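Right, one structure below, let's go through it.
Coordinate-derived values only; no laboratory data. Note that the coordinates shown come from a computational prediction; the quantities given were computed from them, not determined experimentally. Cβ coordinates were reconstructed from backbone atoms using ideal geometry, including for glycine residues, and neighbour counts include every protein chain displayed.
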Amino acid sequence: MKRAPSALALAILGLLVLGAALASLAFGDAALPARDLGAALLGQGDELARTVLWDIRLPRTLVGLAVGAALGASGVVMQAFFRNPLASPGLLGVSSGGALGAVAALAAGGAGSLYTVPAASILGAFLATGAVMLLARQGASAEHLLLAGVALNALFGAGTSALIALSAVDVQASGQILFWLMGGIENRTWEHVAMALPGILLAAAFLLPLGRRLNLLALGEGGAQSLGVDVRRLRWQLIALSTVLTALATAVAGVVGFVGLVVPHLARLAFGPDHRRLLPLSMLGGAALVLLCDLPTRFISGGLRLGVVTALVGGPFLLGLLRRRPC
Amino acid sequence: MLRAEALSVPGRLAGVDLAVGAGEVVAVLGPNGAGKSTLLSALAGLLPCEGRIQWSGRDLPRIPFLERGRMLAWLGQESPADFAFPVREVVAQGRYAWNDDDHGVEATLEALDITHLAGRAITQLSGGERRRVFLARALATGAPVQLWDEPASSLDVRHALEVYALARKLADHGHALLVSLHDIRAAYRFSRALVLDRGRLVADGEPHAVLTADLLRSVFRIEARFVTSLVPELPEPPCA
């Protein structure tokens, strides 16, 4: 396949993100036509339109952008790290750790405060991160970390299931838990933006310059180190940054599957495996995918959650991939 | 240029002393599991080990990673192809420590006879072609010390001969090379041979002097006879 040059690829995906963001701002219970949208963005026009845009739509769009970019970048890192194009951000147990934290807070009736659930989720995700980093610091191999991730996923999954069972009698709490586990960015506020966006931007800023080193790592740790990369340090940086990205995304959007798997994969097929390009392109692609998958959830009330839509898109994609490339 | 004293890796390598100077091209021989790859990885600083390793008179742990990439190149036994990087990009990775992507890359592609593959993805190559790509990456570093772990595995006879000729030529230009191989006959083309057996260095010297029938019997448990027979040679000096 002929690969598009980087500038063109960035421009195409940039436009896609812009379009998705505008659609995300325009569509919803009350549609904002282009003129109202423009006026409201400039702080003019109808007060209702301004309130809808600034207090409801914009935070939701920004959270979607941040979550998608974070999951896209985290997926790229995981796939290069494990030298497996089917690796995903949830592989090391970070998102299931975050899920357990959030579910524990919801089961304890913590949905009242805006910060409780995200904070509990971040705590859970960072506990998982801490466990993984401890192993990585001791120089554990990629296979070792992968198995640790399997163990953590099972452990946190069991905890989450137990809490769901325990709160089954409390209809409201169990409803909230189930909704949270399906992921979503509705009713997000500027506080959510403040919780996720700065950390995600910071982690991305540290991650983007590591593209060249990721290329070397993707062709083997020994080779990378012999060519001049401090592999131990790089591994540690990569695990830290990708888990922080996943943790923050999970904290504000719940469990959103498949974005971190599908987007880097598609970007690699379309634009080649060079991680210097792949990182920014996957961040843009992830942001666009989350915003686009969020759109149908606004019109079909009940049942269709963001995590459901991303899985509906991602599931068939993965099946197609497995058919093309037998394991 | 490369020196090791009492180099040990628990369970795999025991108290190896060796020194390789500029202009030497050294064959590393031994049966499976004798410690050839372990020795090369340890010398390259890729394995935790005991003892002392010096590159150009400097203790290895004191040399910053980036500088290591300019001083010594290591070709591992594997030629990974999990991602579809184009051949030219893989070879250019050899310049990472110099931060000058394309320097000498074309000449290296030429030397390994892979110029015609430069635009192909490594995932589409045969095992032997991929081997030459990774060898080219090691060569592109321009490092004066080259450690190659079975560079000729999966190469056809002509390309294998070219790799050995290339090794000789690099040595003539003042490089130091340590090359592990299984073809004992090829070792006679080298200036020196090391023989490892169960993690110990059991012979070190000029190939004709050390690779005796007695040694081959005790290390490889084979009966060897020295005969004159068909010896493959390259028709003309290889370009490098």
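Decide, for region A:189-327, between rounded, prolate and oblate: order the square roots of the alpha carbon gyration tensor eigenvalues as a ≥ b ≥ c, take rounded if a/c falls under 1.5, and otherwise choose prolate if a/b is larger than b/c, else oblate. List each step's numbers first, then the result.
On the way: a/c = 2.52, a/b = 1.41, b/c = 1.79.
The shape class here is oblate.
Highest-first packing order for the peptide set A:304-311, A:127-134 is A:304-311, A:127-134, based on the mean count of other beta carbon atoms within 10 Å. Inter-chain Cβ neighbour count for B:82-89, averaged per residue, equals 6 (cutoff 10 Å, partner chain atoms only).
Once backbone amide H atoms are built at 1.01 Å from N, B:VAL202 has B:VAL195, B:LEU196, B:ASP197 as its partners under 5 Å, excluding neighbours fewer than 5 places away on the same chain. In the frame of its principal axes, region A:1-100 has Cα extents of 53, 44, 19 Å, reported largest first.
If R₀ is 51 angstrom, what is the calculated FRET efficiency for the pair B:LEU230 and A:TRP236, using the beta carbon separation as r and rounding to 0.05? Could the numbers behind the result be given before it?
Working: r = 54 Å, r/R0 = 1.06.
Approximately 0.40, to the nearest 0.05.
Remark: A:SER167, A:SER141 ranked as A:SER141, A:SER167, counting other beta-carbon atoms within 10 Å and listing the fewest first.
In plain terms, the residue of A:VAL259, B:VAL26 with the fewest other Cβ atoms within 10 Å comes first and the most crowded comes last, giving B:VAL26, A:VAL259. Taking label positions 7 Å along the Cα-Cβ direction at both B:ARG58 and B:ALA165, the computed distance is 3.6 nm, reported to one decimal. Calculate the FRET efficiency for B:HIS116 and A:ALA30 from the Cβ-Cβ distance with a Förster distance of 60 Å, rounded to the nearest 0.05. After rounding to 0.05, the efficiency reads 0.45. Note on region A:70-324: percent of Cα-Cα distances in each 10 Å bin, starting at 0 and stopping at the bin with the largest distance, equals 8, 32, 37, 18, 5, 0. In region A:70-324, Cα pairs under 8 Å separated by at least six residues give a relative contact order of 32 percent. Counting only DSSP beta bridges whose two residues both lie in the protein assembly as shown, roughly 50 percent are antiparallel.
Taking every residue in A:214-224 and counting other chain Cβ atoms within 10 Å of its Cβ, the average works out to 6. Calculated FRET efficiency, A:PHE179 to A:TRP54, Cβ-Cβ distance, R0 = 25 Å: about 0.50 to the nearest 0.05. Here region B:42-60 is scanned for amide nitrogen atoms under 13 Å from the site 7 Å beyond the Cα of B:ALA6 along Cα-to-Cβ, giving B:50-53.
Taking Rh as the Kirkwood radius computed over C-alpha pairs, what is the Stokes-Einstein D of region B:141-240 at 10 °C in a medium of viscosity 1.306 mPa s, expressed in µm² per second? Walk me through the numbers on the way to the answer.
Details: Rh = 14.9 Å.
Value of D from the Cα-based Kirkwood radius: 107 µm²/s.
Taking a ≥ b ≥ c as the square roots of the eigenvalues of the Cα gyration tensor, an a/c ratio of 1.5 or more together with a/b no larger than b/c marks region A:39-186 as oblate.
For region B:197-240, list residues with backbone N below 14 Å from a point placed 7 Å from the Cα of B:ARG185 toward its Cβ? Flagged as within label range: B:224-234. Across region B:136-153, rounded Karplus estimates of 3J(HN,Hα) from the backbone phi angles (6.51 cos²θ - 1.76 cosθ + 1.60, θ = phi - 60°) give 4, 5, 5, 5, 5, 4, x, 5, x, 10, 10, 10, 10, 9, 6, x, 8, 5 Hz, Gly and Pro being marked x.
Sites counted here are chymotrypsin sites (Phe, Trp or Tyr not before Pro) in a DSSP loop (not H, G, I, E or B) having no more than 16 other Cβ atoms within 10 Å; the longest part of chain A that contains none of them is A:116-327.
Once you've got the GNM for chain A with C-alpha springs shorter than 10 Å, pick whichever of A:VAL252, A:VAL244, A:VAL169 has the biggest mean-square fluctuation. In this elastic network of chain A, the residue with the biggest mean-square fluctuation among A:VAL252, A:VAL244, A:VAL169 is A:VAL169.
Does chain B classify as rounded, prolate or oblate by the C-alpha gyration tensor (a ≥ b ≥ c root eigenvalues; a/c under 1.5 gives rounded; else a/b over b/c gives prolate, otherwise oblate)? In terms of gyration-tensor shape, oblate. Once the chain from A:LEU318 to A:VAL169 is taken as fully extended at 0.36 nm per residue, the excess over their C-alpha distance is 50.0 nm.
If I model region A:93-145 as equal point scatterers sitting on the Cα atoms and use the Debye formula, what is log10 I(q)/I(0) at q = 0.27 Å⁻¹? Debye curve over Cα of region A:93-145, log10 I(q)/I(0) at q = 0.27 Å⁻¹: -0.89.
For the peptide B:93-100, the mean number of other protein chain Cβ atoms found within 10 angstrom of a residue's Cβ is 4. Counting neighbouring Cβ atoms within 10 Å and putting the fewest first, the residues B:PHE226, B:PHE83 line up as B:PHE226, B:PHE83. Solvent-free Debye calculation, one equal scatterer per alpha-carbon of region B:48-162: log10 I(q)/I(0) at 0.13 Å⁻¹ equals -0.51. Sorted from longest to shortest, the spans of the Cα atoms of the protein assembly as shown along the three principal axes equal 95, 48, 43 Å.
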